[in-house]
Amino acid sequence: MPVAERVVENLNRALHGLFERDESVYLLGEDIVDPYGGAFKVTRGLSERYGDRVLATPLSEGGIVGVAAGLSLAGNTAIVEIMFGDFIALAFDQILNFASKSVSMYGRRIPLKLVVRCPTGGSRGYGPTHSQSPQKHFVGIPGLNLYELSPFHESGVVLERMFRGAEPCVLFEDKVLYTRRMRRDGVVDDIFNFDFADPAQEFARVYAGRPDDADVVLIAPGGLVDRTLTAMRGLLLDHEITCQLVVPSRLYPLDLDPLLPMLAAAGRVCVVEESTAGGTWGAEIAQAVHSRLWGKLAAPVRLVHSAASIIPTATHLERGVLVQSETIHHAVREMFVG
């Protein structure tokens, strides 16, 4: 059986396809042209084939996103690569006060096809300013849509969906995930299989045995998949706790309706994320599940996130701050023992 492509290869192929099909697509970012092809090689080969539409920029995230939003307002399709997701903070004003509002504040609806790509997450020893997961800072902005890369979701399909909505989007891409293999043909490993929980295939569902037979449902974005699966394996083999994992492609706004039957059937729900504690995406999801299903749950919704700390560079200290598989394992066990 051929080896599945890596997530970075899948995303790169999706970008090539987008450029080939749509001559209005522009890509802007720092060091994205060949032979470097971006800090994580996501843009490799694009400047050689579409040089006039792949624009290398100075170190100015606010300027890059502002220009891209202007291109989008003029009817083009624009993609921005933020070299490290931490630096999207420098473009926050352009996203909050310009791009997201431009869809609706001019007296009529204006389509704005803009995707800001952000490599996120830690576990590589990059330290406090290159390892963050800033998703929580963008939750709840009207007119802004949040997505996250996943090994279950074809990047080309996700990008097409983001642009089809004609509203600005942020795509969070876990740096560790780039090197992982895409999951395909419904198989994860010797224990787990996967399918999709909804016709639009926005929610990947990973399970052992029968898909609807689970003691607890874990909801986690793509960057947490490997750690969550490790925890699920240990919980099954060591404690006979059957978990089901739901991986949403779209983080916000999130329509929970397709998930409610499985969440209610399990009775226990755990939301997992890598953002540091306080005002997080996971808290938003936990609140939504609580308000919709509280009368049907056997326990309060559990939230697992990183510690309320900056992210250290030293490996052993970084592990102590970021969510690990052991963190997830322990949290789920507590849901059963009180």
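Points worth noting:
- Summing Lys and Arg as +1 and Asp and Glu as -1 over all other residues whose Cβ lies under 13 Å from the Cβ of Glu326 gives a net charge of +2.
- CD proxy at 222 nm, helix term only [per DSSP H run n ≥ 4: -39500 (n - 2.57); per residue of the chain; nearest 500]: -8500 deg cm²/dmol
- The listed residues His316, His137, His130, His290, once ranked by accessible area (1.4 Å probe) with the largest placed first, stand as His316, His137, His290, His130.
- Area of Arg250 that stays accessible when all protein chains are in place (1.4 Å probe, Å², to 10): 60 Å²
- Considering only Lys41, Lys101, Lys296, the mean-square fluctuation computed in a Gaussian network model of the chain, springs between alpha carbons under 10 angstrom, is largest for Lys296.
- The dipole here belongs to the chain: it is taken about the Cα centre, uses +1 on the Cβ of Lys and Arg and -1 on the Cβ of Asp and Glu, and is about 380 debye.
- To the nearest ten degrees, helix 61-73 and the longest principal axis of the Cα atoms of the chain are 80 degrees apart.
- Of the accessible area of the chain, computed with a 1.4 Å probe over protein heavy atoms only, carbon and sulfur atoms account for 53 percent.
- Ile310, Ile328, Ile110, reordered so the largest accessible area comes first (probe 1.4 Å): Ile310, Ile110, Ile328
- Between Ala220, Ala208, Ala299, the residue with the greatest mean-square fluctuation in the GNM of the chain (Cα pairs under 10 Å linked by springs) is Ala299.
- Karplus-derived HN-Hα couplings along segment 142-149 (A = 6.51, B = -1.76, C = 1.60, θ = phi - 60°), whole Hz, x at Gly and Pro: x, x, 10, 10, 10, 10, 9, 4
- Residue among Gly17, Gly29, Gly223 with the largest mean-square fluctuation in a Gaussian network model of the chain, springs linking Cα atoms under 10 Å: Gly17
- Protein-only accessible surface at a 1.4 angstrom probe places the residues Val42, Val337 in the order Val337, Val42, largest first.
- The magnitude of the dipole of segment 77-208, with charges of +1 and -1 set on the Cβ of Lys/Arg and Asp/Glu and taken from the Cα centre, is near 380 debye.
- Against the empirical curve 2.2 N^0.38 Å, the C-alpha radius of gyration of segment 207-254 lands at a ratio of 1.18.
- Simple spin-label estimate for Asn193 and Arg6 gives 3.0 nm between the two label positions (7 Å along the Cα-to-Cβ direction from each Cα).
- Of the whole protein surface, His16 contributes about 30 Å² of accessible area at a 1.4 Å probe radius.
- Phe92 sits with roughly 70 Å² accessible to a 1.4 Å probe, with DNA, RNA and ligands left out of the calculation.
- With protein chains left intact and a 1.4 Å probe, residues in the chain average 41 Å² of accessible area per residue.
- Among Ile64, His330, Phe196 the positive-end extreme of the charge dipole of the chain (Cβ point charges): Ile64
- Dipole in debye (nearest 20) - segment 12-80, about Cα centre, beta carbon charges: Lys, Arg +1; Asp, Glu -1: 200 debye
- Counting only Cα atoms, segment 253-338 measures 43, 32, 17 Å along its principal axes, largest extent leading.
- Amide H within-cut-off set for Leu112, under 5 Å, with H built and near neighbours excluded: Glu167
- For the chain, the number of Lys pairs separated by eight or more positions or lying on different chains, with C-alpha atoms closer than 20 Å, is 4.
The values are calculated or read from the model by the stated rules, or taken from the named source; none is laboratory data. None of the values given here were measured: they were computed from a predicted structure. When we count neighbours, we look across all protein chains shown, and the Cβ atoms used for this are built from the backbone with ideal geometry, even at glycine. Side chains included, ligands, DNA and RNA excluded: accessible areas come from the protein's heavy atoms. Shrake-Rupley method; radii C 1.70, N 1.55, O 1.52, S 1.80 Å.
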